[in-house]
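A quick write-up on the structure given underneath.
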Amino acid sequence: METVSTTTPGDGVVRAVALLARVNRAIAVILGLALLVTAGLILLEIVLREATAGMLGGTDEISGYVMAGVASCGFAYALLERAHVRIDILQRRLPGLGRAALDLLSMASLAVVAGLVSVHGWSVLAKTIARSSRSNTALEVPLWIPQSIWLAGWVWFTLCALFMLVAAAILVARGRLAEAESAVGLLSEAEDVA
């Protein structure tokens, strides 16, 4: 006896978006742990200063690098959680296809901006590597390390934005506007509270 599949081609897109969201949540957990370790390092520095036992040194520099890496890597997480700020004065008044068009435009805009930052970030990193640049502090950190982490976050954000743009475009093209909106659209007031 033959079984009839009830899945449609768009289901694969929805599953892929859900998988990407899970990957970004795992990355966010790692980033959160990095922030906790950094906070612990700063706390240790403060305790050592107060106890006049000396200081670790370089915690401000390290925390700056961690914050830059966490911020750039966190953009993709915010994208998949639909946490980026968007102006919705027109969006909420449009019918489904109009909202979908604005969602696609916003995703394309994010992809372009993130792509431009990535391209320019790569040129900065290439110069840093060519010059063997180091920080002008006591730690003398090779700057390619924090810059690579920062750039990786922007590249990942670019790839996620492009993926979401393509996924939403496929869903819109197949007439699955509600699923496209739930993937890349504005959060509803009910979702904001949840």
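The values are calculated or read from the model by the stated rules, or taken from the named source; none is laboratory data. Just so you know, these numbers come straight off a predicted model, no measurement behind them. FYI the Cβ positions are ideal-geometry reconstructions off the backbone, even for glycines, and counts take in every protein chain you see. Accessible surface is based on the protein model in full, side chains and every heavy atom, while ligands, DNA and RNA are left aside. Shrake-Rupley method; radii C 1.70, N 1.55, O 1.52, S 1.80 Å.
With the structure loaded, tell me whether residue 66 is at pLDDT 90 or above and out of contact with any Cys (no Cβ under 8 Å at 6 or more places or on another chain) or whether it fails that test.
In short, yes.
I'm told residue 140 meets every condition in (1) in a helix (DSSP H, G or I); (2) modelled with pLDDT under 95; (3) within 22 Å of residue 66 (Cβ to Cβ) except one. Can you identify the failing condition by its number?
(1)
Yes/no per residue for (1) open to solvent by 40 Å² or more (accessible area, probe 1.4 Å); (2) closer than 30 Å to residue 127 by Cα; (3) at pLDDT below 80; (4) part of a helix (DSSP H, G or I):
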| site | (1), (2), (3), (4) |
| --- | --- |
| 150 | yes, yes, no, yes |
| 153 | no, yes, no, yes |
| 158 | no, yes, no, yes |
| 191 | yes, no, yes, yes |
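What are the pairs, 6+ residues apart or on separate chains, where a residue within the range 37-54 that is within 17 Å of residue 70 (Cβ to Cβ) has its Cβ under 9 Å from a residue that is modelled with pLDDT of 80 or more and surrounded by fewer than 12 Cβ atoms within 10 Å (Cβ to Cβ)?
42/60
Residue-wise test of (1) at pLDDT below 90; (2) loosely packed, with under 15 Cβ neighbours inside 10 Å; (3) over 20 Å from residue 154 (Cβ atoms); (4) not charged (D, E, K, R).
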site	(1), (2), (3), (4)
30	no, yes, no, yes
34	no, no, no, yes
40	no, yes, yes, yes
52	yes, yes, yes, yes
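How many residues does the range 94-146 hold that are in contact with a Phe, Trp or Tyr (Cβ under 7 Å, 6 or more places away or on another chain) and within 23 Å of residue 182 (Cβ to Cβ)?
1
Out of 102, 90, 48, 79, I need the residue that is of a type in the set (A, V, I, L, M, F, W, C), within 24 Å of residue 18 (Cβ to Cβ) and modelled with pLDDT under 85. Which one? Don't jump to the end; show me each part of the working.
Values: 90 fails: within 24 Å of residue 18 (Cβ to Cβ); 48 fails: within 24 Å of residue 18 (Cβ to Cβ); 79 fails: modelled with pLDDT under 85.
After ruling out the rest, the residue left standing is 102.
From (1) on the phi > 0 side of the Ramachandran plot; (2) assigned to a helix (DSSP H, G or I), pick out the condition that doesn't hold for residue 68.
(1)
Could you check the range 107-139 and list, in sequence order, the residues that are open to solvent by 30 Å² or more (accessible area, probe 1.4 Å), under 22 Å from the mean Cα position of the chain (by Cα) and of a type in the set (S, T, N, Q)?
The answer is 109, 123.
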